[in-house]
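The values are calculated or read from the model by the stated rules, or taken from the named source; none is laboratory data. Only a predicted model underlies this, so the values are computations on that prediction, with no experimental measurement involved. Virtual Cβ from ideal backbone geometry, glycine too; neighbours counted across all protein chains shown. Please note that ligands, DNA and RNA were not included when accessible areas were found on the heavy atoms of the full protein model with its side chains. Shrake-Rupley method; radii C 1.70, N 1.55, O 1.52, S 1.80 Å.
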Amino acid sequence: MRLLITAGPTREPIDPVRYISNRSSGKMGYAIAEAALAEAHEIILISGPVNLEPPGNAKVISVSTSDEMFEAVHRYADECDICVLCAAVADYKAANVSSTKIKKRGAKFSLGLIPTRDILDSLGHQQDRQFVLVGFAAETDHVEENAAKKLRAKNCDIIVANDVSGADSGMESDVNEVIIFFRNGEKKEISRAPKKNIARELVKIFLDFATKTFDKKNVMIN
Ligand code: PMT
């Protein structure tokens, strides 16, 4: 199968030397890409700025901003069987990007922010979507409740929830623990393990789900 995977953070510029971003290292998304490649699947990896070696044999598209990630995802999504949106896309960007470095001021200073476009939501509400859509939910509180809400609101097939409140799991860390929610209300947990191991389990789950979904569609057509 062909999988599109997003990974890493986005950077939303404020001026030529500053940006809004987050702690995402890209490790989780890259581990999923490696695990799928090891099973001989075709990978399009759309990556924000990270310090990781690109996985061999993947088509890697490097982006920086949420707008660039949005365009790249929409360019390739329809060519894929499964889209896994693991990137930590900034929710806000500067309302106005200054073309010159903003000078230090004595007084209090506030920055106007506007929402970025939500890539997962846009794919979830795409008419006639043929691919399986997997989102991630990075939560610091009410993890299960918030993730289940995102699954419904963004209309995806699967959402993978992880707790990002600590430094020892989730964001940046080499380990993670996740709860996977399915559209039909089922859920599965993968307990604390290196991201590489979690990724292998996730890939099995995504492929199994996709195979069943496509089989069902074929039965309905025949
Ligand atoms: O990169 P690592 O250090 O390994 O960390 C992994 C991770 C914690 C970043 C990853 O496991 C993870 O949880 N990724 C999703 C991060 C996130 O942005 O979560 P969210 O709950 O804010 O967003 C929910 C979903 O909407 C995500 O699939 C996100 O990609 C998507 N989204 C969010 C905002 C936006 N503008 N567009 C989006 O598509």
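Structural remarks
- The residue pairs whose first member lies in the range 125-137 and is part of a strand (DSSP E or B), whose second member is open to solvent by 50 Å² or more (accessible area, probe 1.4 Å) and within 14 Å of the ligand (Cβ to nearest atom), and whose beta carbons are closer than 6 Å, counting only pairs six or more residues apart or on different chains, are ALA137/LYS150.
- Taken together, the criteria exclude VAL50 from residues that are surrounded by 14 or more Cβ atoms within 10 Å (Cβ to Cβ) and within 24 Å of ILE158 (Cα to Cα).
- Test: residue in the range 102-110 that is open to solvent by 50 Å² or more (accessible area, probe 1.4 Å) and modelled with pLDDT of 95 or more: no
- Within the range 173-207, considering residues that are farther than 18 Å from GLY8 by Cα, aliphatic (A, V, I, L, M) and without any contact (Cβ under 8 Å) to a residue 24 or more places away in the chain, the one surrounded by the most Cβ atoms within 10 Å (Cβ to Cβ): ILE190
- If you go through the range 173-193 and keep only what is of a type in the set (D, E, K, R), away from the ligand (no atom under 14 Å from the Cβ) and in a loop (DSSP other than H, G, I, E, B), you end up with ARG183, GLU186.
- Test result for LEU151, in contact with a Leu (Cβ under 6 Å, 6 or more places away or on another chain), part of a helix (DSSP H, G or I) and farther than 21 Å from ALA31 by Cα: no
- Long-range neighbours under 7 Å by Cβ, at least six apart or interchain, first residue of a type in the set (A, V, I, L, M, F, W, C) within the range 17-41, second open to solvent by 80 Å² or more (accessible area, probe 1.4 Å) and part of a helix (DSSP H, G or I): ALA31/LYS196; ALA35/ARG200
- Of all residues in the range 152-172 being modelled with pLDDT of 95 or more and more than 10 Å from the ligand (Cβ to nearest atom), the one that is surrounded by the fewest Cβ atoms within 10 Å (Cβ to Cβ): ARG152
- Within the range 97-121, residues that are within 30 Å of ASP157 (Cα to Cα) reach partners that are β-branched (Val, Ile, Thr) with beta carbons closer than 8 Å, at six or more positions or on different chains, in the pairs THR116/THR10; THR116/VAL89; ASP118/VAL89; ILE119/THR6; ILE119/VAL73; ILE119/VAL89.
- Close contacts from the range 150-165, counting a first residue that is among the polar types (S, T, N, Q) and a second that is open to solvent by 60 Å² or more (accessible area, probe 1.4 Å), with Cβ to Cβ under 8 Å and a gap of 6+ residues or different chains, come to ASN155/HIS125; ASN162/GLU177; SER165/THR140; SER165/ASP141.
- Number of residues in the range 1-19 that are surrounded by fewer than 20 Cβ atoms within 10 Å (Cβ to Cβ) and within 12 Å of the ligand (Cβ to nearest atom) equals 0.
- Filtered residues of the range 23-47 (kept if open to solvent by 10 Å² or more (accessible area, probe 1.4 Å), hydroxyl-bearing (Ser, Thr, Tyr) and either assigned to a loop (DSSP other than H, G, I, E, B) or more than 9 Å from the ligand (Cβ to nearest atom) (or both)): SER24, SER25
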